[in-house]
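J.: For reference, the structure I am asking about is given below.
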Amino acid sequence: MLGSTHGTLTSDLRARVVACGEHPRDAIHDTASITATEGDIDVSGRSLYAPVPDLDRFFRPRSIAVVGASDGEGRPNTGITRQLIDWAERVGARLHPVHPTRETVFGLPCAASVGALSEQVDLAVLLVGDPLPVIGELAEAKVPFAVAFASGYAETGEEGAQAQRRLAAAVERAGVRLLGPNTNLNAFERFRDDLDGPAIALITQSGHQGRPVFTLQELGVRLSHWAPTGNEADLETADFISYFAERPEVGAIACYVEGLKDGRSFLLAADRAARRGVPVVAVKVGRTETGARTAASHTGKLTGADQVVDAAMRQYGVIRVDGLDELQDTSALLARARKPLAGGVAVYSISGGTGAHFADLAAAAGLPLPRLSEAKQSELHQWIPEYLSVANPIDNGGHPVGDWRGRKIIDALLADPGIGVLICPITGPFPPMSDRLAQDLVDAAETTDKLVCVVWGSPLGTEAAYRETLLGSSRVATFRTFGNCVTAVRAYLDHHRFTSDYRSPFDEAPRTLSPSFRKAQALMRPGRQLSEHAAKQLLRAYGIRVPREQLVTSAAAAVRAAALVGYPVVMKASGTRLAHKTELGLVKVGLTSASQVRDAYRELTDTVRYEDIDLDGVLVCQMVERGVEMVVGVAQDALFGPTVTVGLGGVLVEVLRDTAVRVPPFGEGQARAMLDELRGRALLDGVRGGPPMDVDALVEVVLRVQRMALELGGELSELDVNPLMVLPRGQGAVALDALAVCR
């Protein structure tokens, strides 16, 4: 489920977080407006605002210069030039061939250079092997946009990456916005102009991967734009998401992404789409090591740690799908379907087996299949035999769809106030009854604002009921597989639930440093790992509770410290190179007397000498009653910067790997959503008669660690609070151990 970016802080939790310098996260915001202004930055020094590029003249230029135009037989540029001429005629643009040695191209006058043209050019298409020398000429002619098809850049390795950096620097100096290099002609395809309704805008880094979405036009789905971003030396996926989110005709944005150029830019663009309520559906390759390696060789960009990418997309409502067929079906549904009037899904079929099978898949995916009321079931049994189940899924037995009863059943289901989506899986054609069923579904869909979905399972797809009746309707969403229908409907419900109460975390991101920052900065040691004692001081600076403890350097001092801390105590070796103390036997637990403390001190120091470990002392710590051991941490991601992780902790953290991650900034709602993603979430609610744990305290720690990540992101490479002992409700959470590594 796509969780809300913000929840409502309890007054107590809000007070505690604000005391540490956190902004309260329960202010009311107008989700339709962007309150950040250009130049705003957060405490990490990163932008809170991304301007929307004005790409109108790119997609609908008044005049085009084709540099390197050709009409020579057998030349690669000849076919491209001909296609651009045809495209310019369709969109009403004037096309100017540019070539230093030709007088005409396809009968059009040819200029020796862009500067020699008599009119201002909106778009220059560069059909040259090395576009770099042309960029300065475009700057002098004040050409705002250019497209570079040339390959051999970052997709080829380091030498190509250097060439791409030189090209990007030249473009920035020139003030030209560049699409490419390593792109293609997809932006200049023939789009159907006889279709109406909300459109899909398409963004792909690999042109061929957009073909399934583009061909939706042949099924009556409108496509408005196609941006083939290529290597993204300048214009990137984020730019096009921001632009498309502002276009009134765009109902959904479909993306095929191999690598993200900049994580923050992508999040700001996704945030803009979320504010506008425009769904973004994306295939993002790189889930596996092999996929990531292949994507890097194709586009030369970082793919990022996939768990972080997945979490970042989920935070901002980007719907991630795996297959191009899912991209096609999900974006088509989201572009055209109205906002749901209710959250329930009804599964209606002519076969009990079909209904049960589909219901299993739907329920497993988290679709709500509410049991119909007794009154509604009685109503349905007017037309359906009593021995058939109509609780949901609804089995009509087959015969009612062949006469007047079929429409009555459909109307009754759509009239149920708890049902927002009606799904009718038809595993195969059985004319004439399947033809009548399809027509009844189409007719009913025309009379309701509720979503009607049909799965047409025939492998042929040539039947009139499918090709003419179902595909001829813009009100019925038709799928070919159960799986794609389930994926799309889940995305549809999740998207509207997400955007209904979305509040941008960028509006509430901290812009001024908290009082904790100076205390914490004094503890940082560039390039070094902090000792446990120093790492806990870092936590304490941000208001995170740690046990009572003292750092001692003698057995006698250890005994005195134990008396002050209070028995029983825990003793640990503390040093800057100690990361896994338990494995080395450098932790002694449950010491209850002075003699045990003296013995423990000797054992710890002897072990340290044997292991040749530098020691800054021994910690004598308060022993905390057991609760649930969690881990909260900070890591640096190559794309998104600092990330915050929470999960089940303790010595088995690397074995269990039960964690959730978010990219700051985020609010309390996302912090709680992180906990809900954990497989071991039930441990916090109390198991085997045990008390529920202090989840509010855990959420508070996550938010404080986030603040630390934002403020110290440039200096803190890694933070690992493990274990964070979450105590029973009302008793808080205590960081029993911590590891911090400075950048």
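The values are calculated or read from the model by the stated rules, or taken from the named source; none is laboratory data. This one's a predicted model, so the numbers in the text were calculated from it and none came from an experiment. Ideal geometry is used to build each Cβ from the backbone, glycine not excepted, and the neighbour counts take in all protein chains shown.
J.: Got a sec? Which of Val646, Val651 is under 21 Å from Arg545 (Cβ atoms) and either free of Cβ contacts under 8 Å to residues at least 24 places away in the same chain or of a type outside the set (Gly, Ala, Ser) (or both)?
T.: Among Val646, Val651, only Val646 is under 21 Å from Arg545 (Cβ atoms) and either free of Cβ contacts under 8 Å to residues at least 24 places away in the same chain or of a type outside the set (Gly, Ala, Ser) (or both).
J.: Separate question: Report every pair of residues separated by at least 6 positions or lying on different chains whose Cβ atoms are under 9 Å apart, first residue within region 232-243 and outside the structural domain of Val147 (by TED's automatic domain parsing) and surrounded by fewer than 24 Cβ atoms within 10 Å (Cβ to Cβ), second outside any loop (DSSP other than H, G, I, E, B) and at pLDDT below 95.
T.: The qualifying pairs do not exist here.
J.: Could you check region 446-463 and list, in sequence order, the residues that are under 12 Å from Phe430 (Cα atoms) and surrounded by fewer than 21 Cβ atoms within 10 Å (Cβ to Cβ)?
T.: Gly457, Ser458, Glu463
Table: residues versus (1) among the charged types (D, E, K, R); (2) buried (at least 22 other Cβ atoms within 10 Å of the Cβ).
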position: Asn182; (1), (2): no, yes
position: Phe214; (1), (2): no, no
position: Glu246; (1), (2): yes, no
position: Cys255; (1), (2): no, yes
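J.: Follow-up question, since we're still on this one. Quick test of your reading of the structure: Leu178 fulfils all but one of (1) buried (at least 21 other Cβ atoms within 10 Å of the Cβ); (2) assigned to a helix (DSSP H, G or I). Name the failing condition by number.
T.: Tallying (1) buried (at least 21 other Cβ atoms within 10 Å of the Cβ); (2) assigned to a helix (DSSP H, G or I), Leu178 fails exactly one: (2).
J.: So, one more: Would you pick out the residues in region 415-441 that are part of a helix (DSSP H, G or I) and buried (at least 20 other Cβ atoms within 10 Å of the Cβ)?
T.: Once the filter is applied, which keeps residues that are part of a helix (DSSP H, G or I) and buried (at least 20 other Cβ atoms within 10 Å of the Cβ), region 415-441 yields Ser434, Leu437, Ala438, Asp440, Leu441.
J.: Within region 187-228, work out how many residues are free of Cβ contacts under 8 Å to residues at least 24 places away in the same chain and in contact with a Cys (Cβ under 7 Å, 6 or more places away or on another chain).
T.: Total satisfying the criteria: 0.
J.: Something else about it: Going through region 457-509 one residue at a time, which ones are in contact with a Phe, Trp or Tyr (Cβ under 8 Å, 6 or more places away or on another chain), among the hydroxyl-bearing types (Ser, Thr, Tyr) and either part of a loop (DSSP other than H, G, I, E, B) or within 23 Å of Ala365 (Cβ to Cβ) (or both)?
T.: Within region 457-509, Ser458, Thr478 qualify.
J.: If the Cβ limit is 8 Å and pairs must be 6+ apart or interchain, which residue in region 484-495 that is polar (S, T, N, Q) and modelled with pLDDT of 95 or more pairs with which residue that is in a helix (DSSP H, G or I) and surrounded by fewer than 23 Cβ atoms within 10 Å (Cβ to Cβ)?
T.: Close Cβ pairs satisfying both conditions: Asn484/Asp325; Asn484/Glu326; Thr487/Glu326.
J.: If you don't mind, there's one more thing I want to ask. Kindly list the number of the only condition in (1) modelled with pLDDT of 95 or more; (2) not in a loop (DSSP other than H, G, I, E, B) that fails for Ala69.
T.: (2)
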